[in-house]
Structures are given as structure tokens and as C-alpha cells.
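What follows is a short report on a single structure.
The values are calculated or read from the model by the stated rules, or taken from the named source; none is laboratory data. From a predicted model like this one, the values you see are computed outputs, not experimental measurements. Cβ sites come from the backbone with ideal geometry, for glycine too, and all protein chains shown count toward neighbours.
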Amino acid sequence: MGAGRTETARALFGADPKQSGKISVMGKDGQLHEVTINSPQDAVKCGIGYLSEDRRRYGCVVQKSVTENTTLATMEEFTNGIFINKAKEKQVAEKYVNELATKTPTTDQLVVNLSGGNQQKVVIAKWLTRDSDILIFDEPTRGIDVGAKNEIYKLMNRLAAEGKSIIMISSEMTEVLRMSDRIIIMCEGKVTGCIDISEATQENIMDKATRNID
């Protein structure tokens, strides 16, 4: 905490201005292309989705239903002028409730009434509906129970296997070692190390996490 991880993620997503640097995204041609991201709308157009560490504040509208939250990032696909195609919305929401095994009585249930783990699944469904290729998970299992954590881990592994790219920010060492292919370590706003999972240990991660490179 305080290393600048969330600030970096928010800059990548266009939620905060970046001071310097370039952002490149792999295109359909398999080549990296530099992109300009000055707002979340720009990031979404580039196929990036952001799951905030504060999902109740930034990830979903808790006083709205599962259906309404699922389609938040893709409303243009469900509207015709001023009219919303509620049947199509519900169909898509039910699809992701089933795919993600979200525990909810119906898709009309208000998100505020769901557990933390299931709220997280609704936020994930929002970005899957958008078909985002890059998903930034900021503290994805904070505040949810052990069973729900394992479900989120399985879901993240499945998304990665399907070709999605996941950037995970985590303060939990066991989570980092369990879920990562590559670990980028930051300290006081600077990158202090990049380790392949095959070489990662708690010791060398902590060594770099407490070392600020001038």
C-alpha cells in the first residue's frame, strides 16, 4: 500500500492524468500500437476494463439491479433512442449470472443485497459484456470470504486461458505467488523489480518492495 500501484492503474485507465510515459496495446494484427488514453472512455475503446479496489464506490451502482449493473459499460447496445431493450438486458445479465455462478435470487436483485464476492462478479460481468481484452483487477479479493476468493481465482484463471490479459494488484503475498505469471514490484511510486514467477520467492519480492531505486 502506498507504492503507487493503484495510481498507475488509474493512469492506465485514464481515470487520472499521467505525468509521462507511453501506453501501448496489442492490436488484432498481433503488433503493439501506442494509444492515447486521456479518459476512461478512451481506455474502454482500447479494450481495457478496470475493477477498482473500492467496488461499491467505483465499480457498481449498489442501489441498481444486477441487470442494470451488468450493462452499465455497454448501454449503447441496449438502447434505441430513449428506449432501453429490457428483455435483451435481462438475457445478457442472466447469461453472466450463469457463467460466473453469481449467487442471486434473480437478476432484478439490487446489488447492495449481494455478498462482496458476488458484487465482484457483477463488476466482472460488466466488463465481460463489454468484451474487454485487458482487465485490471485492483485488490480483487479484498473483503470477501475464502470460498468466494477461490471462485474469483478460478474465474481469473479461466479468463486468462481464454486469452484475456489480467493486471492484478494485490497486497497479499500468497495471492501474488499463486496467481501471477510475472510480478512487477513498486516502491514509493517507482518500479523496483520485475520477476518471472519461476524465480519468485517471498524474500526477493520483499527485498525489492522495500528498496527505492533513485
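Numbers at a glance
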item: Residues that are under 15 Å from Arg130 (Cβ atoms) and among the charged types (D, E, K, R), drawn from the range 62-87; result: Glu68, Glu76, Glu77
item: Pairs where the first residue, in the range 1-15, is touching a residue at least 12 places away in the same chain (Cβ under 8 Å) and of a type outside the set (A, V, I, L, M, F, W, C) and the second is in a helix (DSSP H, G or I) and surrounded by fewer than 19 Cβ atoms within 10 Å (Cβ to Cβ), C-beta under 6 Å, 6+ apart; result: Gly14/Pro40; Gly14/Asp42
item: Exclusive hit being surrounded by fewer than 14 Cβ atoms within 10 Å (Cβ to Cβ), of a type in the set (A, V, I, L, M, F, W, C) and touching a residue at least 12 places away in the same chain (Cβ under 8 Å), set Ala125, Ala101; result: Ala101
item: Scan of the range 104-114 for residues that are polar (S, T, N, Q) and surrounded by 16 or more Cβ atoms within 10 Å (Cβ to Cβ), ordered by number; result: Thr104, Thr107, Gln109
item: Segments classed as strands (runs of 3 or more DSSP E), wholly inside the range 1-72, with at least 3 members that are farther than 22 Å from Val111 by Cβ; result: 23-26, 32-35
item: Test result for Gly143, in contact (Cβ under 8 Å) with a residue 12 or more places away in the chain, outside any loop (DSSP other than H, G, I, E, B) and surrounded by fewer than 18 Cβ atoms within 10 Å (Cβ to Cβ); result: no
item: The range 105-120, residues that are farther than 18 Å from Met156 by Cβ, in a helix (DSSP H, G or I) and touching a residue at least 40 places away in the same chain (Cβ under 8 Å); result: Val111, Val112
item: Candidates Lys64, Lys45 - the one that is basic (Lys, Arg), under 21 Å from Lys121 (Cβ atoms) and at pLDDT 90 or above; result: Lys64
